[in-house]
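Report on one structure; see the data block that follows.
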Amino acid sequence: MKLLRAVGRTCARVWPPVLLLALLLAGWQLYVQAGNIDPLILPAPLRIITASIASRSTFAAHIGTTLYETLVGLAAALAFGMLTATIIDLSPFLGRAIYPLLVASQAIPIVAIAPLLIFSFGFGLLPKVIVVTLICFFPITVSMADGLRATDPELIKLYRTFGASELVIFWRVRLPHALPSFFSGLRIAATYAVVGAFLGEYVSAIYGLGILFSYEEHSFRTDLAFGDVIITALLSIALFALVSVIERIALPWYYAGRERDWHEAKPSARRRRALHKHSQGADQPVTIPTEPPHELSTPRKETL
Amino acid sequence: MNVSSPPAPVALTVEGVSKAFPQRGKPVLAVLDHISLQVAAGEFVSVVGPSGSGKSTLLSIIAGLDDPTEGSIALEGDPNAPRLGQIGYMPQRDLLLPWRNALDNALAGIQVQGVPRREARQRAHALFEQFGLADFERSYPHELSGGMRQRVAFARTVLAARNLMLLDEPFGALDALTRLAMQRWLLDIWGQLGKAAILVTHDPEEALLLADHVYVFSARPARVVLSLDVALPRPRQTEIVGSPVFARLKGRLLRALLTGQDIPLEALALQEQEASQEVAL
């Protein structure tokens, strides 16, 4: 029963974007067919799908490399970003020294620096991992540093009265407090990561979706190039979803509290209409539907 | 840490404490002006004063978060005793950690102080039983009502306090009804805790109802305007606020609070007499 409801809820959330996407694709298909457009210029969605499925073994051979570079780069960005954020937070002096450099690192056009990295680090995995790390560490650093800084000063004061050291306060209070913000940054980083690996491969590589795209482009297989792009996008979405799931599991307290608040702040349209009718003083008694609260949130326990 | 000594007769002595904050481009801001007060072991002391009169600053200094500009603070007679980690401090907001359940939140202080986990849990357990929170040990803060959250915060304070607790307007953020319930509750359990407390409030009734002794502060810079023994019997009921004794005490307290000086009732009667005589003449 519980599972059924969870599935129902997921479906309710998923169908609007799916419907919109289906409409857009149908329009595209119709446009290409009706306009009799050369598939070299713009292949129709159905053609992209069938062509991609036909050469699935090629894609399969390249996807692993891209995924590997993405994950290694993201892991490096995670380690580097968390470390930098901690340093910025613990030492205001170092923070002032590091911050402008961080911003400068993001001002560098990655497209320009990728070929230079190949010069310096060869054709292997390293330059791609560096590109991914370079793109991903920034949102992680900034979001985590912000989260650490946003800790309630009153809470820090309270822990000081317990006789807690800076380290204990950091570990017990500030780090957990920074996690929601940290995860927001990580989600952004996850979406950038695949694009970073793709870009690094596009410049020069042996395997990977990026270099595959380059081949397909140069051999005028626009349909396969589109397929390549779609697979890259799906990879990004999957990574984003994975991070979101990890976040849900890691921070149940954050979501439980927030969903209850949202539930109260934004009642559903059905409930809102009933409430409105009620406040207008309808002739007949109106029953205001009490929605079952979100599964994660239990109602407040009231005594006194 | 576990050596249990008989409680010292004096829990806290504040001797001539002044505090001034330097301000950029302005004269220093004097907040406390030679405050002296004493808290006996197990005694409940209230501090009443206008808002912004430096009551919270005094608590910060007593807790060891800040140093006085002048004067000394002695914990159980020792002016050099470290105070951080010894005194329970309860801020106005409950400040519960949302990722910890109620019991673990109550353990926050005692855990930092290095009490073994098993012992800490046992003590928290007993306290939850006593506080009527036994069924909510595993509840998370967002599942609890304001009054219950405040009780968990109070449990945290009691556990973290060796002999003295500082309560900084602990009921200030609650609605009137819940506040009343909390006051009643605190009156009930106070006798069993055996710890001294300083309650800061701007509610004269709350101050008198809960305390054995009340200090009234003036507006900034705060001086002690009135030091008043509350000779009401214990155990007390909240209904005592309707008694004539309570009304008299409250009147004196309010006058001190409003005029910034202590006018005993006899003097007031005398003044009124003189005034009426003048009118008669």
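No lab work stands behind these numbers, since they all come straight from the coordinates. Since the structure is predicted, the reported quantities are computational estimates derived from the model, not experimental observations. All Cβ positions, even for glycine, are placed from backbone atoms using ideal geometry, and neighbour counts span all protein chains on display.
Structural remarks
- Pairwise Cα separations in segment A:1-77 fall into 10 Å bins from 0 onward with the following percentages, short to long: 15, 22, 27, 31, 6, 0.
- Equivalent ellipsoid semi-axes, segment B:60-171, via Cα gyration tensor eigenvalues times 5, rooted, Å: 27, 16, 11
- Distance from the C-alpha centroid of segment B:6-83 to that of segment A:3-59: 71 Å, rounded to the whole angstrom.
- Cβ-Cβ FRET estimate between A:Leu234 and A:Leu90, R0 fixed at 41 Å, reported to 0.05: 0.55
- Residue-wise HN-Hα coupling along segment B:176-186, computed from phi with Karplus coefficients 6.51, -1.76, 1.60 (Hz; x: Gly, Pro): 4, 5, 5, 4, 4, 4, 5, 4, 4, 5, 5
- Remark: chain B carries a charge dipole of roughly 860 debye about the Cα centre, counting +1 on each Lys and Arg Cβ and -1 on each Asp and Glu Cβ.
- By the beta-carbon count within 10 Å of each Cβ, the least crowded to most crowded order of A:Tyr202, A:Tyr99, fewest first, is A:Tyr99, A:Tyr202.
- Value of [θ]222 nm, deg cm²/dmol, for chain A, DSSP H segments ≥ 4, -39500 (n - 2.57) each, nearest 500: -26500 deg cm²/dmol
- Nearest-0.05 FRET efficiency for B:Ser243 and B:Ala134, computed from C-beta distance (R0 51 Å): 0.90
- Karplus-derived HN-Hα couplings along segment A:159-166 (A = 6.51, B = -1.76, C = 1.60, θ = phi - 60°), whole Hz, x at Gly and Pro: 5, 5, 5, 6, x, 6, 7, 3
- The amide H of B:Ser18, built 1.01 Å from its N in the peptide plane, has B:His34, B:Ile35, B:Thr69, B:Glu70, B:Gly71 as neighbours under 5 Å, considering only residues 5 or more places off or on other chains.
- For chain B, adding -39500 (n - 2.57) for each run of n ≥ 4 DSSP H residues and dividing by the number of residues yields -11500 deg cm²/dmol at 222 nm.
- Per-residue Cβ neighbour rank within 10 angstrom, fewest leading, A:Thr84, B:Thr69: B:Thr69, A:Thr84
- Where N is the number of residues in segment A:117-170, Cα Rg divided by 2.2 N^0.38 Å: 1.93
- Exposure rule at most 11 other beta-carbon atoms within 10 Å, DSSP loop trypsin sites (Lys or Arg not before Pro): chain B longest free segment: B:139-281
- When DSSP beta bridges are restricted to pairs lying wholly in chain B, around 55% turn out antiparallel.
- Under 5 Å, built H, 5+ apart or other chain: amide partners of B:Gly49: B:Thr201, B:Phe217
- Cα pair distances exceeding 22 angstrom across segment A:77-216, given as percent: 47
- Based on the reciprocal of the average 1/r between different C-alpha atoms, the Kirkwood radius for chain A equals 23.5 Å.
- Here segment A:189-240 yields Rg over Rh of 0.98, to two decimals, using C-alpha coordinates and the Kirkwood radius.
- Fraction of beta bridges assigned by DSSP in the protein assembly as shown that are antiparallel (%, nearest 5): 50
- Value of relative contact order over chain A, rounded to a whole percent, pairs C-alpha under 8 Å and six or more apart: 20
- Quotient of C-alpha Rg and 2.2 N^0.38 Å, computed over chain B: 1.08
- Per residue, the Cα convex hull of the protein assembly as shown amounts to 284 Å³.
- Within segment B:129-277: Cβ-based charge dipole about Cα centre, in debye rounded to nearest 20 (Lys, Arg +1; Asp, Glu -1): 320
- Loop chymotrypsin sites (Phe, Trp or Tyr not before Pro), segment A:80-152 (other Cβ atoms within 10 Å of the site Cβ: 12 or fewer; DSSP): A:Phe123
- Residues A:Cys136, A:Cys11 arranged by fewest to most Cβ contacts within 10 Å: A:Cys11, A:Cys136
- FRET efficiency estimate (nearest 0.05) - Cβ-Cβ, A:Leu126 to A:Tyr31, R0 30 angstrom: 0.10
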